[in-house]
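Notes for the one structure printed next.
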Amino acid sequence: MTPKLLYTRFIFPIFGFQSSIFCSLFLFRSRIFSLVDWLRCEFTKVDNEYAGSGKRVYVGRVLALANMGFWCFNLFGFLLPVYLPKVFNMYYSETKVKD
């Protein structure tokens, strides 16, 4: 059984669309907090004796900034403005009772 089939067949009927959205948003929110800690750690390594070479510090900073940009765009550019309204629209349009 593929993960997508498992996810749509067993997770959605039990918990519904709202819980899947909440789990996704909670996961990305917590990931952004850990990325902020990583950025803070990378940018404070200038005077630290365990910082490594200058090239390593530069690559670490670029990687941390790229990750932060990617996950922030994923949360604020896709999940909240695109995915959230689409899923709620699918959920509420399916549950309408026709007279």
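When the range 67-97 is limited to residues that are hydroxyl-bearing (Ser, Thr, Tyr) and closer than 16 Å to Phe22 by Cα, the one that is modelled with the highest pLDDT turns out to be Tyr83. Would it be correct to say that Gly16 is at pLDDT below 90 and touching a helix residue (DSSP H, G or I) at 6+ places or on another chain (Cβ under 8 Å)? Against the criterion (at pLDDT below 90 and touching a helix residue (DSSP H, G or I) at 6+ places or on another chain (Cβ under 8 Å)), Gly16 qualifies.
The values are calculated or read from the model by the stated rules, or taken from the named source; none is laboratory data. In this text the structure is predicted, and so the values were computed from the model without any measurement. Note: ideal-geometry Cβ built from the backbone for every residue, glycine included; neighbour counts use all protein chains shown.
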